[in-house]
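*Asks:* Once you've had a glance at the structure underneath, I'll fire off some questions.
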Amino acid sequence: MGETLSAVDVEDIIDTMAGELAQEMKRKKRVDPLMIGVHTGGLWVAEKLHRKLGLKKPLGEIDISFYRDDFSRIGLNPQVKPSQIPCEVEGENIILVDDVLYTGRTSRAALNEIFDYGRPDSVTLAVLVDRGERELPLHADIVGLKLDLSPEKQVKLTGPAPLVLETNRN
Amino acid sequence: MSSSKQPASTSFKAPDSSRLQLDEQGRLRHFLTVESLSKDILTEIMDVAESFSSVGHQAVKKVPVLRGKTIVNLFFENSTRTRTTFDLAAKRLSADVINLNIATSATSKGESILDTIRNLEAMHADMFVVRHSDSGAAHFIANNVEPHVSVINAGDGSHAHPTQAMLDMFTIRQVKKDFSNLNVAIIGDILHSRVARSQIQALNTLGVKDIRVIAPRTLLPSDVGSLGAHAYGDLRQGLDNVDVIIMLRLQRERMGSALLPSEHEYFECFGLTEEKLAYAKPDVTVMHPGPINRGVEMDAAVADGAHSVILQQVTNGIAVRMAVMTLTLGHSKVAG
């Protein structure tokens, strides 16, 4: 059973993220970005960010199951969903959104998948939670909440309405 | 290499498919027949195929999921379309593919099938895609491979052609969304067709309302009821209120035998024309596994018309084969 992070209001965090993201994109002169959410939790966060930022390009969604690095160990995730990227990736400024950044393997897989659609001008990574303990040299540009969790603990976003962060032990 | 020659006419032992193609957890390990597979597994294949459909739209039409795997297409019987789509499916999964046309290769030099398999396993093959003119050939190979190797049946004799059936089911689901209210008619040489057998099994498992087979009496099995389908000798009656028409390719080599009248006569009675299409529902979908004998099974106007999804079937064939390859290799034991 999950334990709700009671002091945390996910909506508030996403509000703050939206503000920071707008500033970051402006500072780097990255206009009219294409936002892509990672199934499933990342897509929930992306839907909210996309609306709050009023982005013009439709939201994209990717499922990284075919790009995971552990297929030969655990096989295919049977809940795999189709990826839908609504416009050309070539030359675009991408905002990649995920719920939890941990080892970095999901973000690695997502980047590889995006590049199979084309060569973007830039990718900005926004995550709801950064729980540290990276296994790959990746960082997020926008972080909603930093958590310092021991490795045996898990953090999970449940949703889509309401969005709630839960922690539990493995 | 051994001299134990496998005579061309060998019929392999009647297969016990159900246990062979599932692992201890009930997941797909080989894909030999749709017979005895649950609705859940057939649905899983279609769901995963749906996810693979987007790969064809990528600039780089590849996903790395089977990177480093070696897939061997073992075609003991000729095929262009099926082999091409298996080949393309494996390449889109980033696997390495070898195409062996055995009719002109080792077995004609006296090497037995098992010796061929052992040699390919010694080269660290991970999957065999098998087409053979003898029923049970893929089962025979699946019974004899190492634990980490998966076998996919790409058509064996008049027994089964499960990936063709599943790409047809996937196409029907795309067009009609739901199976439960459908009347589906299969037209052609039901007696000799492995495609029809697999289709009927899949349609029954997926809960289609009414399955009909339409053919001259000489091309229907004597026990047609046991197939789980209703037989019609008259095209007009058979097509009444039908949602989906699946045409089978008429094997021209059977033409002129005692089983069949002339091409002309067959077309008169069972060939699909726009006029005859009107007997079915207005939104009827027309399918054909290809290649079409235009003017024998159907008019060009029907094959290229608004009701036809024949090219969609070809595209779907790649996604469905990608799904089956990924599911079976994902569930096979990792090589030690």
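*Asks:* Per residue of B:65-73, what is the mean number of Cβ atoms on other protein chains within 10 angstrom of that residue's Cβ? Show your work: numbers first, answer last.
*Replies:* Working: counts 8, 3, 3, 1, 2, 0, 0, 0, 0.
The mean count of partner-chain Cβ atoms within 10 Å per residue comes to 2.
*Asks:* Once every DSSP H run of n ≥ 4 in chain B is given -39500 (n - 2.57) and the sum is divided by its residues, what mean residue ellipticity at 222 nm do you get, rounded to the nearest 500 deg cm²/dmol?
*Replies:* Counting only the DSSP helices, I get -10000 deg cm²/dmol.
*Asks:* Report the normalised scattering of region B:181-257 as log10 I(q)/I(0) at q = 0.15, 0.22 Å⁻¹, calculated by the Debye formula with identical scatterers on the alpha carbons.
*Replies:* -0.45, -0.97
*Asks:* Can you order the peptides B:190-200, B:40-50, B:227-237 by their average number of other Cβ atoms within 10 Å per residue, highest first? Walk me through the intermediate numbers first.
*Replies:* On the way: B:190-200: 23.4, B:40-50: 19.8, B:227-237: 15.6.
Result, highest mean first: B:190-200, B:40-50, B:227-237.
*Asks:* Quick one: work out Rg over Rh on the C-alpha atoms of chain B, Rh as Kirkwood radius.
*Replies:* On the way: Rg = 19.7 Å, Rh = 20.4 Å.
My calculation of the ratio gives 0.97.
*Asks:* Out of residues 5 or more away from residue B:187 or on other chains, whose amide H comes under 5 Å of its own, with H placed 1.01 Å from N in the peptide plane?
*Replies:* B:214, B:246, B:247, B:248
*Asks:* Return a whole-number percent for the relative contact order of region B:89-208, with Cα pairs under 8 Å and 6 or more residues apart as the contact set. Could you put the intermediate results ahead of the total?
*Replies:* Details: 124 pairs, mean separation 22.5, N = 120.
Relative CO of region B:89-208 lands at 19 percent.
*Asks:* Still on this model: Would you kindly derive the ³J(HN,Hα) couplings of region B:19-25 from the backbone phi angles with the Karplus curve 6.51 cos²θ - 1.76 cosθ + 1.60 (θ = phi - 60°), listing them in order in whole Hz, with x for Gly and Pro?
*Replies:* 3J(HN,Hα) across region B:19-25, in whole Hz: 6, 4, 8, 10, 8, 4, 8.
*Asks:* Please report, as a whole percent, how much of the solvent-accessible surface of chain A comes from carbon and sulfur atoms (probe radius 1.4 Å).
*Replies:* On the way: 4100 of 8580 Å².
On chain A, the fraction of accessible area on carbon and sulfur atoms equals 48 percent.
*Asks:* Taking a threshold of 18 Å on the Cα-Cα distance, which of the pairs B:62/B:91; A:52/A:146; B:39/B:177 fall above it? Walk me through the numbers before you get to the answer.
*Replies:* Details: B:62/B:91 7 Å; A:52/A:146 22 Å; B:39/B:177 15 Å.
Going by Cα-Cα distance, A:52/A:146 fall outside the 18 Å limit.
*Asks:* OK, next. Can you tell me the dipole magnitude for the protein assembly as shown around its Cα centre, using point charges on the Cβ only (Lys, Arg +1; Asp, Glu -1), in Debye to the nearest 20?
*Replies:* On the way: 56 positive and 64 negative charges, 135 e Å.
Magnitude of the dipole: close to 640 debye.
*Asks:* Partner chain Cβ atoms within 10 Å, averaged over the residues of A:55-66 - can you pull that number for me? Before the final figure, lay out each step's value.
*Replies:* Values: counts 0, 0, 0, 0, 0, 0, 0, 1, 2, 1, 5, 15.
Whole-number average of other-chain Cβ neighbours for A:55-66 is 2.
*Asks:* Would you mind giving the total buried accessible surface between chains B and A, with a 1.4 Å probe and ligands, DNA and RNA left out, rounded to the nearest 100 Å²? It would help to have the intermediate numbers written out before the result.
*Replies:* Details: alone 14420 and 9350 Å², together 22270 Å².
Protein heavy atoms only, the B-A interface buries about 1500 Å².
*Asks:* Amide H of residue A:124 versus every other amide H placed in the peptide plane: which residues, excluding those fewer than 5 positions away on the same chain, fall under 5 Å?
*Replies:* The list, which skips near neighbours in sequence, is A:94, A:95, A:96.
*Asks:* If you don't mind, another one. Give me the Kirkwood hydrodynamic radius of region B:162-314 in Å, from all C-alpha pairs, to one decimal place?
*Replies:* Hydrodynamic radius (Kirkwood, Cα only) of region B:162-314 equals 15.2 Å.
*Asks:* Considering Cα pairs under 8 angstrom that are at least six residues apart, work out the relative contact order of chain B and quote it in whole percent. Can you show the working numbers first?
*Replies:* On the way: 649 pairs, mean separation 68.3, N = 336.
Relative contact order of chain B: 20 percent.
*Asks:* Same structure, new question: What does the accessible area per residue of chain A come to in Å², with a 1.4 Å probe and no ligands, DNA or RNA counted?
*Replies:* Working: 8580 Å² over 170 residues.
Accessible area per residue: 50 Å².
*Asks:* How many percent of all Cα-Cα pairs in the protein assembly as shown sit more than 41 Å apart?
*Replies:* Values: 40315 of 127765 pairs.
Beyond 41 Å sits 32 percent of the P(r) for the protein assembly as shown.
*Asks:* Oh, and also: Set Lys and Arg Cβ to +1 and Asp and Glu Cβ to -1, take the dipole of region B:162-314 about its Cα centre, and tell me which of B:273, B:202, B:222 lies farthest positive.
*Replies:* B:202
*Asks:* May I pose another question? For region A:3-169, what's the relative contact order in percent, using C-alpha pairs closer than 8 Å and at least 6 residues apart?
*Replies:* On the way: 316 pairs, mean separation 42.4, N = 167.
For region A:3-169, the relative contact order is 25 percent.
*Asks:* When Cβ neighbours within 10 Å are restricted to other protein chains, what is their mean count per residue of peptide B:45-56? Please report the intermediate quantities before stating the final value.
*Replies:* On the way: counts 0, 0, 5, 8, 1, 3, 10, 4, 2, 10, 5, 0.
That works out to 4 on average.
*Asks:* Considering only DSSP beta bridges whose two residues both sit in chain A, what percent are antiparallel, to the nearest 5?
*Replies:* Working: 9 of 28 bridges.
Looking only at bridges with both residues in chain A, the antiparallel portion is about 30 percent.
*Asks:* Which order do the peptides A:105-113, B:320-328 come out in when sorted by mean C-beta neighbours inside 10 angstrom, highest first? Write down the numbers at each step before the final one.
*Replies:* Numbers: A:105-113: 20.9, B:320-328: 27.6.
Result, highest mean first: B:320-328, A:105-113.
*Asks:* Show me the ranking of peptides B:179-187, B:242-250 by mean Cβ neighbours inside 10 Å, starting with the highest.
*Replies:* Numbers: B:179-187: 20.4, B:242-250: 23.4.
With the highest mean Cβ count within 10 Å placed first, the list reads B:242-250, B:179-187.
*Asks:* Which log10 I(q)/I(0) values, to two decimals, does region A:3-169 give at q = 0.17 Å⁻¹ under the Debye formula with one point per Cα?
*Replies:* At q = 0.17 Å⁻¹ the computed log10 ratios are -1.06.
The values are calculated or read from the model by the stated rules, or taken from the named source; none is laboratory data. Since the structure is predicted, the reported quantities are computational estimates derived from the model, not experimental observations. Quick reminder, even Gly has a Cβ in these numbers, built from the backbone with ideal geometry, and neighbours come from all protein chains shown. Ligands, DNA and RNA are excluded from the accessible area calculation, which covers all protein heavy atoms including side chains. Shrake-Rupley method; radii C 1.70, N 1.55, O 1.52, S 1.80 Å.
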